[in-house]
Amino acid sequence: MQLERPWGRGRRSRREGTAVTGAVVRSRPALFPVLLLLLVGATLLNAGIGAVRISPPEAVAIVLRHLGLHLDVTVTRQQDAVLWAIRLPRIVMAGLVGGALALAGAVLQGIFRNPLAEPGLIGVSAGSALGAVAAIVAGFTALGPASLPLAGFVGGLLATLAVYRFARYGGRTEVVTLILAGVALNAIAGALTGLLLFLANDAQLRNVVFWQLGSLGSATWTTVGAVAPFVLIGTLVLPRYGRTLNLLVLGEREARHLGVDTERARFLLIAMAALLTGAAVAVAGVISFVGLVVPHIVRLIAGPDHRTLLPASALAGATLLLLADLFARTVALPREIPLGVVTALAGGPFFLWLLDRTRQEHGGWG
């Protein structure tokens, strides 16, 4: 039972909501240029900062040189090797993984009509990690570099469908059941992953350790080529369903009356979200809270329209993970902090604030 609010507070909230709506409308034209500038800035920072310093002109000259264009900028052989073989694959991987996780989080929040939903919270990341670890321990390499992303995709899809099945009751999605089912599935997937680790040999253990902490340290052009098709498919397909998600947020009955095949749309959206999450987890391990924090921040700035929210979340997610990875690899030189630890330390407090804010807005959970 929700608590009643004083009329004065309600009037003030409505006035504040109107002001926020006006700010959102005014900020939308500049949203994507700002996000692109932030992404370019984060990319240049990652390219230049490290044990070997590389200025932005030098970074641009190195990239263009490998593309067949030569600028009158002097760079050393060491700078060329460090940027092209080490930093640039890591930058591209961070952009792909961050964009994929944020986009998947925005889609899941729209499907479940709940801003607290995200791939890690409801068990998708744990399911994807379980699928990838199972593939490593079983020696599944039938599809070459695509084997791990495919195994992660299958694990994430099964986890998402299981949570969705338990969260549905009476034609609607229950928030509490959604979270509890995600907690239970995380525990089950974690236990099964632990069992696989117990059965793995030493070489397999070394390949599996980073799944539980998250890292981009193994990024190469080969791994980028393996994960990029999966991420690009989801990134190109999902923004086309922005209007469908807007209608699903209104409710299944309303969406059906407006011509949406809700079951088909829901299954496709869940499959695409699982594809993005599975591919990201398969190459970077479990990186928490990106899918929760980024869509919520973008929603506060740009509003709930998924036609804007989805592509903006992808850009913001790529930028956030680039900055997080820069912090992870430079703050404790010469050692590197696991990327999943950085995002969890940043996202955990935000999640607690979000829980408290939601509880206050709805007058408690009871």
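The values are calculated or read from the model by the stated rules, or taken from the named source; none is laboratory data. All values reported here derive from a predicted model rather than from experimental measurement. For neighbour counting, all protein chains shown are included, and Cβ atoms are generated from backbone atoms with ideal geometry for every residue, glycine included.
Looking only at region 312-356, which residues are farther than 19 Å from residue 290 by Cα and among the basic types (Lys, Arg)?
Within region 312-356, just 335 meets the criteria.
Please indicate, with yes or no, whether at least one residue in region 232-245 is polar (S, T, N, Q) and exposed (fewer than 15 other Cβ atoms within 10 Å of the Cβ).
no
Quick one: in region 209-256, which of the residues that are hydroxyl-bearing (Ser, Thr, Tyr), within 30 Å of residue 342 (Cβ to Cβ) and assigned to a helix (DSSP H, G or I) is modelled with the highest pLDDT?
235
Here's the yes/no breakdown for (1) buried (at least 24 other Cβ atoms within 10 Å of the Cβ); (2) within 30 Å of residue 47 (Cα to Cα):
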residue: 84; (1), (2): no, yes
residue: 94; (1), (2): yes, yes
residue: 100; (1), (2): yes, yes
residue: 104; (1), (2): yes, yes
residue: 116; (1), (2): no, no
residue: 128; (1), (2): yes, yes
residue: 133; (1), (2): yes, no
residue: 142; (1), (2): no, no
residue: 149; (1), (2): yes, yes
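Within region 125-156, track down each residue that is part of a helix (DSSP H, G or I), at pLDDT 85 or above and either farther than 26 Å from residue 198 by Cβ or among the hydrophobic types (A, V, I, L, M, F, W, C) (or both).
Those that are part of a helix (DSSP H, G or I), at pLDDT 85 or above and either farther than 26 Å from residue 198 by Cβ or among the hydrophobic types (A, V, I, L, M, F, W, C) (or both): 126, 129, 130, 132, 133, 134, 135, 136, 137, 138, 151, 154.
I want to confirm something. Restricting to region 283-311 and keeping residues that are part of a helix (DSSP H, G or I), of a type in the set (Gly, Ala, Ser) and within 13 Å of the chain's Cα centre (by Cα), which single residue is nearest to residue 229 (Cα to Cα)?
Among them, the one singled out is 284.
Of the residues 281, 298, which single one is modelled with pLDDT of 90 or more, crowded, with 22+ Cβ neighbours inside 10 Å, within 19 Å of residue 97 (Cβ to Cβ) and among the β-branched types (Val, Ile, Thr)?
298
Scan the helices (runs of 4 or more DSSP H) fully inside region 22-112 and keep the ones with 2 or more residues being at pLDDT 95 or above, within 30 Å of residue 153 (Cβ to Cβ) and not aromatic (Phe, Trp, Tyr).
88-112
Name the single residue, out of those in region 163-189 being outside any helix (DSSP H, G or I) and not charged (D, E, K, R), that is modelled with the highest pLDDT.
Ranking the candidates gives 169 first.
Out of region 312-355, which residues are of a type in the set (D, E, K, R) and either in a helix (DSSP H, G or I) or in contact with a Ser or Thr (Cβ under 9 Å, 6 or more places away or on another chain) (or both)?
Passing the criteria: 325, 329, 336.
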